[in-house]
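Visitor: The structure follows.
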Amino acid sequence: YEEIKQYIADPKSLYPHISVFEPPETPKYPKQYKYMKSYIEKCRENKDLDESLLKFMKEYSLLGEVKDVHFMYFSLSGSIFGSPHANAGYDLLNSLPIFKPAVHGINQIKDTRVGSFHHTHKIKSLVRESKLPGYPIDMTNTLFVVGANDEQGDDLVDQPSAHLDGHGYVVLDLINDEFDNNGISIKQMDVLPPQHVVPLEVHHFPVKTLWGLGPTLDGSAYIDRPDHPVMDYLVPFIYKDFARIEKLKIENPIFLRQFMIQFTFTHITEGAETDSQLAEMRSKLFLPGSKLLEKMLRDLNVTIVKKPKNIDIQGRIFNADNLTYVIMGAYKESLLSSGPPTTKKMDFHILARGYKPVTITLPVKPGKIMFVNITLQESE
């Protein structure tokens with residue numbers, strides 16, 4: 001109650017990084033409540049008025065009569081960890097800045113890029129919060145639907161980006177930790193809790209065939225009829241019949257095949273909590289005499305030294321804003337002949353001008369993202 005009153009009276013005190021607060025009429029937060037602020041000030045001066053407000057909040061605002069409601073989460077091919085299409089769109093806008101004023105949601109496109117600061121920062125929060133009591137996302141209340149068309153996702157969102165099941169996170173500080181020049185093999189890491197993930201052979205949005213004359217292929221993010229394939233899983237999910245969901249998955253053996261590896265070089269991002277702080281750190285690196293960013297970008301490269309034969313590399317993306325190098329791959333059909341795909345190992349060689357090269361062995365598995373937060377050791 002005291003925190004709510006403090007927020008209404010002075011939102012800046014709780015959100016010091018926010019420069020503009022929204023008025024009450026907008027759907028955005030945090031807000032600034034001009035008239036409620038004056039009421040709170042009166043409550044602070046009048047004890048009876050203050051107790052009356054607290055009583056009101058307990059009985060009505062906090063929904064005392066329905067506190068047994070439990071929230072459930074259902075995700076339909078959401079780009080939780082971005083989409084390469086956003087990278088391409090953002091790069092196009094930067095090359096044609098004249099069109100930027102006509103595009104709404106540029107910051108959303110920026111944050112939706114694969115390897116963005118928004119995602120590499122959030123994975124740290126998710127890993128930390130998943131270890132705390134009361135973490136709200138678990139196998140009793142959450143279900144993810146993921147598009148799985150052969151080696152592709154749903155044509156817009158890659159399979160690993162569309163869920164929160166079991167992604168790995170590891171921090172490598174090669175400045176302070178001893179490591180073998182012959183290579184590092186990752187054996188321990190933080191992993192997000194397991195979740196229910198349903199792979200379906202669907203697109204992101206419905207796809208018309210034969211110029212609209214043929215059948216429309218299903219899209220997971222647009223449920224437009226009662227017999228939509230997603231409904232087979234949504235209905236038992238509402239009733240928490242997860243046994244039924246698992247039975248359906250066995251009867252319809254569709255497997256995830258895509259994976260991602262993300263190397264974020266923390267020379268810039270370490271310590272940043274917001275996009276504005278990241279921008280401030282980067283601006284200092286462009287000052288005269290500062291050669292760190294120039295040195296990092298000139299020869300920074302991640303190459304695959306060793307990989308299993310039946311794995312395709314689908315793409316590479318370097319997010320220069322966040323110094324994140326992303327490699328996307330997929331298991332070929334031959335790796336699924338004996339059942340669900342298993343974990344494989346791949347070797348990656350990292351080279352950056354002014355830093356000691358290093359080879360890292362990482363586990364890869366379809367549907368998973370391996371986030372590697374790495375600080376390189378400067379060469380002599």
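The values are calculated or read from the model by the stated rules, or taken from the named source; none is laboratory data. Everything numeric here is computed off the predicted structure, so don't read it as measured data. Reconstructed Cβ throughout: ideal geometry from the backbone, glycine too, with neighbour counts over all protein chains shown. These accessible areas exclude ligands, DNA and RNA; they are computed on the full protein's heavy atoms, side chains included. Shrake-Rupley method; radii C 1.70, N 1.55, O 1.52, S 1.80 Å.
Visitor: Using DSSP to call loops (not H, G, I, E or B), can you name the trypsin sites (Lys or Arg not before Pro) in segment 156-240 whose Cβ has at most 16 other Cβ atoms within 10 angstrom? Walk me through the numbers on the way to the answer.
Guide: Numbers: sites: Lys187, Lys208, Lys240; in loops: Lys187, Lys240.
Listed in order of number, the matching sites are Lys187, Lys240.
Visitor: In the chain, what % of DSSP beta bridges are antiparallel (nearest 5)? Don't jump to the answer; show the numbers that get you there.
Guide: Values: 33 of 58 bridges.
The antiparallel proportion sits near 55 percent.
Visitor: Carbon-plus-sulfur fraction of the accessible area of segment 109-205, 1.4 Å probe, in percent? Please report the intermediate quantities before stating the final value.
Guide: On the way: 2200 of 4350 Å².
Taking all protein chains in place, segment 109-205 shows 51 percent carbon and sulfur surface.
Visitor: Under 1.5 on a/c is rounded, so check that first for segment 310-380, then, if it is not, pick prolate when a/b is larger than b/c and oblate when it is not; a ≥ b ≥ c are the square roots of the alpha carbon gyration tensor eigenvalues.
Guide: Working: a/c = 2.88, a/b = 2.15, b/c = 1.34.
Prolate, since a/c reaches 1.5 and a/b exceeds b/c.
Visitor: Sticking with this one: Counting pairs of alpha carbon atoms under 8 Å apart in space and at least six apart in sequence, what relative contact order in percent does segment 43-175 give? Before the final figure, lay out each step's value.
Guide: Details: 119 pairs, mean separation 43.2, N = 133.
Once normalised by length, the contact order is 32 percent.
Visitor: Another question, then. How much FRET efficiency would the formula 1/(1 + (r/R0)^6) give for Asp10 and Ala88, where r is the Cβ-Cβ distance and R0 is 51 Å, rounded to 0.05? Walk me through the numbers on the way to the answer.
Guide: Details: r = 43 Å, r/R0 = 0.83.
The computed FRET efficiency comes out at 0.75.
Visitor: A further question follows. Between rounded, prolate and oblate, where does segment 128-187 land on the alpha carbon gyration tensor, with a ≥ b ≥ c its root eigenvalues, rounded for a/c under 1.5, else prolate if a/b exceeds b/c? Present the calculation step by step, with values, prior to reporting the outcome.
Guide: Values: a/c = 3.80, a/b = 1.45, b/c = 2.62.
The shape class here is oblate.
Visitor: Starting from the Cα of Glu22, step 7 Å toward the Cβ, then list every residue of segment 120-134 with an amide N under 11 Å from that point.
Guide: none
Visitor: While we're on this one: Compute the semi-axes of the equivalent ellipsoid of the chain, taking the square root of 5 times each eigenvalue of the Cα gyration tensor, and list them largest first in whole Å. Spell out each step's value before the answer.
Guide: Numbers: eigenvalues 288, 206, 95 Å².
Equivalent-ellipsoid dimensions as semi-axes: 38, 32, 22 Å.
Visitor: For segment 310-380, run through the trypsin sites (Lys or Arg not before Pro) and keep only the ones in DSSP coil with at most 12 other Cβ atoms within 10 Å of their Cβ. Provide the component values of the computation, followed by the final result.
Guide: Working: sites: Arg316, Lys332, Lys344, Lys345, Arg353, Lys368; in loops: Lys332, Arg353, Lys368.
Listed in order of number, the matching sites amount to none.
Visitor: When a/c reaches 1.5 or more, the comparison of a/b and b/c decides; with that in mind, is segment 23-152 rounded, prolate or oblate per its Cα gyration tensor?
Guide: Values: a/c = 2.98, a/b = 1.56, b/c = 1.91.
Verdict is oblate for segment 23-152.
Visitor: Taking the Cα centre of the chain as origin and charging only Cβ (+1 Lys, Arg; -1 Asp, Glu), how large is the dipole, in debye to the nearest 20?
Guide: Numbers: 43 positive and 48 negative charges, 120 e Å.
Rounded to the nearest 20 debye, it is 580 debye.
Visitor: Using a Gaussian network model of the chain with C-alpha springs under 10 Å, which one of Ser220, Ser337, Ser185 is most mobile by mean-square fluctuation?
Guide: Ser337
Visitor: A further question on this structure: Can you give the relative contact order of the chain as a percent, counting alpha carbon pairs under 8 Å and 6+ residues apart? Before the final figure, lay out the partial values.
Guide: Working: 636 pairs, mean separation 65.6, N = 380.
Once divided by the residue count of the chain, the mean separation gives 17 percent.
Visitor: Which FRET efficiency, nearest 0.05, do Asn141 and Gln108 yield, Cβ-Cβ r, R0 25 Å?
Guide: In this case the efficiency is close to 0.40.
Visitor: Please list 308-315, 195-202, 159-166 highest first by mean number of surrounding beta-carbon atoms within 10 Å per residue.
Guide: Highest mean packing first, the order is 159-166, 195-202, 308-315.
Visitor: Moving to a separate point now. How large a share of the accessible area of segment 302-342, in percent, is made up of carbon and sulfur atoms when the probe is 1.4 Å and the other protein chains stay in place? Each step should come with its number before you reach the end.
Guide: Working: 1020 of 1940 Å².
Answer for segment 302-342 is 52 percent, counting heavy atoms of protein chains only.
Visitor: At 7 Å along Cα-to-Cβ for each site, give me the label-to-label distance between Ser52 and Lys124 in nm.
Guide: In this crude spin-label approximation the distance works out to 4.7 nm.
Visitor: May I pose another question? With 28 Å as the limit, write out which pairs from Lys307/Lys356; Lys110/Lys249; Lys124/Lys332 have Cα-Cα distances beyond it, or answer none. Walk me through the intermediate numbers first.
Guide: Details: Lys307/Lys356 23 Å; Lys110/Lys249 35 Å; Lys124/Lys332 31 Å.
Check vs 28 Å cut-off fails for Lys110/Lys249; Lys124/Lys332.
Visitor: Are there GluC sites (Glu not before Pro) in segment 90-192 that DSSP marks as loop and that have at most 14 other Cβ atoms within 10 Å, and which are they? Spell out each step's value before the answer.
Guide: Details: sites: Glu129, Glu151, Glu178; in loops: Glu151, Glu178.
Passing both the DSSP loop test and the Cβ count: Glu178.
Visitor: Let me ask another. Of Pro340, Leu49, Ile350, whose Cα points farthest to the positive end of the dipole of the chain (charges on the beta-carbon: +1 Lys, Arg; -1 Asp, Glu; origin at the Cα centre)?
Guide: Of the listed residues, the answer is Ile350.
Visitor: Then there's this: Grab the Cα-Cα distance for Tyr1 and Ile238, subtract it from 0.36 nm times how many residues apart they are, and report the gain in nm with one decimal.
Guide: 82.0 nm
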